Amino acid sequence: MLLAAQDAFFMARRPRKDSPHTTAAYRRDLDGITSLLAAHAGRPTNTLTIDDLTVTALRTAF
């Protein structure tokens, strides 16, 4: 699932000890992009997978 990959991203960043503001900004950005990807796919965000990250979907989201 895409959301699990995002969680793994934040776990991998923990040793970097990012500012809470940086982490919050990354989360807001990913939440917004994930919402746009879900709208493009016509499904809820919690059902998206890595396979949903197509060129077309990413261009639409960005």
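The values are calculated or read from the model by the stated rules, or taken from the named source; none is laboratory data. The model shown is predicted, which means the values in this text are computed figures rather than measured ones. Every residue, glycine as well, gets a Cβ built from its backbone with ideal geometry; the counts of neighbours run over all protein chains shown. Remember, those area values only see protein heavy atoms, side chains included, never the ligands or the DNA or RNA. Shrake-Rupley method; radii C 1.70, N 1.55, O 1.52, S 1.80 Å.
When nucleic acids and ligands are ignored and a 1.4 Å probe is applied, Leu53 ends up with an accessible area of around 60 Å². Of the trypsin sites (Lys or Arg not before Pro) found in the chain, those in coil by DSSP whose Cβ has at most 12 other Cβ atoms within 10 Å are Lys17. Surface composition of the chain: carbon and sulfur make up 59 percent of the accessible area, probe 1.4 Å. For the stretch 41-46, 3J(HN,Hα) computed residue by residue from phi via the Karplus equation (6.51, -1.76, 1.60; θ = phi - 60°) reads 7, x, 9, x, 4, 6 Hz, glycine and proline entered as x.
For Arg43 and Ala12, the FRET efficiency from 1/(1 + (r/R0)^6), where r spans their Cβ atoms and R0 equals 22 Å, is about 0.25. Amide H to amide H distances under 5 Å link Thr49 with Leu2, where only residues 5 or more positions off or on other chains count and H is placed in the peptide plane.
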